[in-house]
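The values are calculated or read from the model by the stated rules, or taken from the named source; none is laboratory data. Small disclaimer: the values here were computed from a predicted structure and weren't measured. Here the Cβ positions follow ideal geometry from the backbone for every residue, glycine too, while neighbour counts run over all protein chains shown.
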Amino acid sequence: MKKYLLIFVSLLALSSQSSFAGTKTLVEYGVVQQSQITTSQTRSHPLRTVAAGAAGAAIGNQFGGGSGKTIMTATGAVAGAQVSRNRQSQQQNAQQVDLTIKTDAGQIIQVTQSYDGRITFNKGDKVRILTSGNNTSVDKSS
């Protein structure tokens, strides 16, 4: 009986932990001092290209017969390698915007975030700075 009571009390204690509503986001406002769009350069991964080519060859090898099978294997290898190269190229050409902002509190901060072209920042723009944990993002303030 004591054993069951101990198990019940333990389960009750574990299930009564306080719940969390979410994360806290700090909101600040400021003015853009400088804005610069940069293109990130990452190194290529030739092993990924080789692996994608091998996977494409394995898939291509499932189709055709005789010389057709050989052609499908080669086509799959080339297609897999090309897809890998294209994907790596897109990742290498990712654009970012580097912002220098003077907050309303008088601090100068630097924020780097992804650039997608929908929002452009110019010197003098009023912005809202959202910080949640280690993540900071900036958008235009109204």
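Details
- Qualifying residue in the range 73-87 (condition: outside any helix (DSSP H, G or I) and farther than 17 Å from Leu26 by Cα): no
- Residue within the range 37-59 that is modelled with pLDDT of 85 or more and either under 30 Å from Ile129 (Cα atoms) or in a strand (DSSP E or B) (or both) present: yes
- One residue from Arg118, Arg48, Arg87 being free of Cβ contacts under 8 Å to residues at least 60 places away in the same chain, of a type in the set (Lys, Arg) and in contact with a helix residue (DSSP H, G or I) (Cβ under 8 Å, 6 or more places away or on another chain): Arg48
- Residues (surrounded by 11 or more Cβ atoms within 10 Å (Cβ to Cβ) and hydroxyl-bearing (Ser, Thr, Tyr)) located in the range 89-142: Thr100, Thr103, Thr112, Tyr115, Thr120, Thr131, Ser132, Thr136, Ser137, Ser141
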